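To start, the structure under review is shown below, and the notes come after it.
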């Protein structure tokens, strides 16, 4: 009889409360997981509606999912009677240590978020940033991948990109070609300008609006330098620039226009020998 009472007392004192707490903890965990999944799905829908990059959406959602799961686990353990104060302090200290150890990575992450949100460039743009020039192939959370004109792949940390000057050559639909041609002082400037104008008119890739500019830039030591500034579609920039240099040189040769070399005039004076 005594043993029976002892067992009933043990059940009333320990087993039943622990069982109830365990059931409540499981309920908190299951309900918390269900609620957290709903919150994550809602946040994902809002981020997609805001037209954020898929990489950033997935990263934010994964972080939110981990944080909510941690909150649910702590709440369930607290219902079981586990002292979660020390656990929260331990997690905070571990987070601080990890943050200090990964501060460079966190800097690159923050810069990656800024690049994805504000979009100073996108995949496929020709960009010069962090001392690297090339076509942007991928923009990840921590780094971006560039393909150079000689087909090299360069991975640049996002922190280095966002902390410096970014030049996006593909951002605008049109670009101006800046050319300088030097002619001899003996050449007729009006004739030279007419030759260049004819070359520009014969080039179908040049834009009529805005019109090209041709003017004297410098009266240099050995040449008269002319600036030639036509406009072209961005995709045609490099090919058109190279073709115009070749066509102008050929036209100059056909019309007897000289492109002078730097030269120095030397005068020799004879000094009679002393007697």
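Annotation: average projected area of region 172-275 is 9.0 square nanometres, based on the convex hull of Cα atoms across all directions. Between residue 22 and residue 46, take the C-beta separation as r, use R0 = 30 Å, and let me know the FRET efficiency to the nearest 0.05. Efficiency, from the Cβ-Cβ distance: 0.25. Residue-normalised convex hull volume from the C-alpha trace of region 119-168: 63 Å³ per residue.
Calculate, for residue 259 and residue 239, the FRET efficiency according to 1/(1 + (r/R0)^6) with r their C-beta to C-beta distance and R0 25 Å; round to the nearest 0.05. The pair residue 259/residue 239 has a calculated efficiency of 0.65. Spacing of the modelled spin labels on residue 189 and residue 221, each 7 Å from Cα toward Cβ, amounts to 2.1 nm. Normalised by the number of residues in region 174-254, what is the relative contact order in percent for Cα pairs under 8 Å and 6+ residues apart? So the answer I get is 44 percent.
Using the Cβ-Cβ distance between residue 167 and residue 80 with R0 = 51 Å, the FRET efficiency computed as 1/(1 + (r/R0)^6) comes to roughly 0.30.
Bear in mind these aren't lab numbers, they're just calculated from the coordinates by the rules spelled out. Just so you know, these numbers come straight off a predicted model, no measurement behind them. Every residue, glycine as well, gets a Cβ built from its backbone with ideal geometry; the counts of neighbours run over all protein chains shown.
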